[in-house]
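Inspection log for the structure reproduced underneath, given as structure tokens.
The values are calculated or read from the model by the stated rules, or taken from the named source; none is laboratory data. Since the model is a prediction, treat every value here as computed from it, not as a measurement. Cβ sites come from the backbone with ideal geometry, for glycine too, and all protein chains shown count toward neighbours. These accessible areas exclude ligands, DNA and RNA; they are computed on the full protein's heavy atoms, side chains included. Shrake-Rupley method; radii C 1.70, N 1.55, O 1.52, S 1.80 Å.
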Amino acid sequence: MANDGQTQVDGATRAAAEHYAKRGWSVIPIPHRSKNPGLKGWERMRLTQESVDDHFNGRPQNIGVLLGEPSGWLVDVDLDHPRAVDLAPQFLPPTPAVFGRASNQRSHWLYRVTGPLATKKFRSKSAGMIVEVRSTGMQTVFPPSTHETGEAIRWEEEEQEPSEVEPDALIDSAKRLADAVRVELGEKPAP
């Protein structure tokens with residue numbers, strides 16, 4: 001049987017899933033302490049406000065949000081490299097909708113793009129993924145989920161709306177951010 005603290009967390013997860021669905025964000029259930037939906041066809045899953053209880057029913061689990069078209073062009077700029085997190089305010093458009101976890105704070109910046117946008121990944125030769133602009137066909141685990149490490153995934157500030165931005169401007173900002181990290185890694189000459 002779950003302890004009272006875990007029951008409160010599970011209730012918060014269900015309430016958050018319902019709240020996200022009301023905002024027009026397409027939620028999916030993710031196993032607790034996982035990023036992988038573990039469901040065949042998760043990309044096509046479309047829960048309604050009414051069907052949230054069928055999938056978020058008090059068991060420990062995480063919340064995924066389908067990005068791009070299923071959620072009204074909500075996109076996630078996922079900052080994978082520590083320097084990308086540090087430099088993001090200098091390159092990315094401001095948005096109040098930001099979350100992360102204790103060891104990787106402010107690592108997810110949410111935007112609503114004004115038109116279609118394809119997922120774009122920016123990698124480093126030596127350090128792997130730097131930044132991803134995640135859209136249709138992708139999902140991100142949202143607060144109040146639990147990361148694989150056991151850390152709580154939390155909003156910087158609750159109830160914030162993602163900033164609206166043009167798709168090309170967002171991709172350009174993410175590219176410039178990744179290039180700045182590549183310069184620091186010695187993989188690209190300074191401009």
Here is a check on your reading of the model: is ARG83 basic (Lys, Arg), more than 21 Å from GLY68 (Cα to Cα) and touching a Lys or Arg at 6+ places or on another chain (Cβ under 9 Å)? no
Only one of (1) open to solvent by 40 Å² or more (accessible area, probe 1.4 Å); (2) more than 25 Å from TRP42 (Cβ to Cβ) does not apply to SER163, and that is (1)
For a quick check of your reading of the model, give me the residue pairs whose first member lies in the range 116-130 and is of a type in the set (Lys, Arg), whose second is open to solvent by less than 30 Å² (accessible area, probe 1.4 Å), with beta-carbon atoms closer than 7 Å and at least 6 apart or on different chains. LYS120/VAL133; LYS120/ALA174; LYS121/GLU132; ARG123/ILE130
Tell me which of these ASP172 doesn't satisfy, since it passes every other one: (1) open to solvent by less than 10 Å² (accessible area, probe 1.4 Å); (2) assigned to a helix (DSSP H, G or I). (1)
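A quick yes/no check of all residues on (1) modelled with pLDDT under 95; (2) over 18 Å from the mean Cα position of the chain (by Cα); (3) closer than 14 Å to MET138 by Cα:
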residue: ASP54; (1), (2), (3): yes, yes, no
residue: VAL75; (1), (2), (3): no, no, yes
residue: VAL85; (1), (2), (3): no, no, no
residue: LEU92; (1), (2), (3): no, no, no
Scope the range 147-169; condition more than 14 Å from THR114 (Cβ to Cβ) and assigned to a loop (DSSP other than H, G, I, E, B); matching residues: HIS147, GLU148, THR149, GLY150, GLU151, ILE153, GLU156, GLU157, GLU158, GLU159, GLN160, GLU161
Would you mind telling me which numbered condition in (1) open to solvent by less than 50 Å² (accessible area, probe 1.4 Å); (2) over 17 Å from LYS120 (Cα atoms) ARG154 fails? (1)
Residue that is surrounded by the most Cβ atoms within 10 Å (Cβ to Cβ) [pool: residues in the range 110-139 that are among the basic types (Lys, Arg) and over 16 Å from the mean Cα position of the chain (by Cα)]: ARG123
